[in-house]
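Read the structure below first, then the notes.
The values are calculated or read from the model by the stated rules, or taken from the named source; none is laboratory data. Fair warning: this is a prediction, and the values are worked out from it, not measured in the lab. Ideal geometry is used to build each Cβ from the backbone, glycine not excepted, and the neighbour counts take in all protein chains shown.
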Amino acid sequence: MAVLSDPVSDFLTRLKNASAAGNESFTAPFSKQKAEIARILKEEGYIWNYETKTEGQFPQLEVKVRYSDTGEAVLHGLKRVSKPGLRQYVGSGEIPRVLSGLGIAILSTSKGLMTGSKARKAKLGGEHLANIW
């Protein structure tokens, strides 16, 4: 098993690959940050649900991917912005609008993980983790 230097990027890649392949769900190793990202994705309608499985030696996060009525994936794309080698921080006035408001930006703020629009309203900046559309 390979050691991951960027577990958030691994989680987002699993999500993108599962939705592109038409898989109903996927699992990823559990972490609090990944669970918070899954919570945001559920609130914004990109996934159906997520749950923590504690049956094995290590807990797993199972995510159910969402599709439209025609079978097309709701998630069209994503981009990991801040990486371990180059962190990207934004102030509250610098938070980008993804596809003119059709997508979301996920930020890690001092009040926890939140979408870019919520961070802008709360006048909070932070680490710009990813853009999802």
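Miscellaneous remarks
- Selection from region 28-49 of residues that are more than 19 Å from residue 133 (Cα to Cα) and assigned to a strand (DSSP E or B): 28, 29
- Some residue of region 50-59 being under 19 Å from residue 6 (Cα atoms) and not in a loop (DSSP other than H, G, I, E, B): no
- Region 17-27, residues that are crowded, with 16+ Cβ neighbours inside 10 Å and in a helix (DSSP H, G or I): 18, 19
- Exclusive hit being in a loop (DSSP other than H, G, I, E, B) and surrounded by fewer than 21 Cβ atoms within 10 Å (Cβ to Cβ), set 92, 117: 92
- Residue within region 99-106 that is surrounded by fewer than 16 Cβ atoms within 10 Å (Cβ to Cβ), of a type outside the set (A, V, I, L, M, F, W, C) and touching a Phe, Trp or Tyr at 6+ places or on another chain (Cβ under 8 Å) present: no
- Region 1-16 - residue that is among the small types (Gly, Ala, Ser) and loosely packed, with under 14 Cβ neighbours inside 10 Å and, of those, nearest to residue 81 (Cα to Cα): 5
- With respect to (1) outside any strand (DSSP E or B); (2) assigned by TED's automatic domain parsing to the domain that holds residue 121, the lone exception for residue 105 is condition (1).
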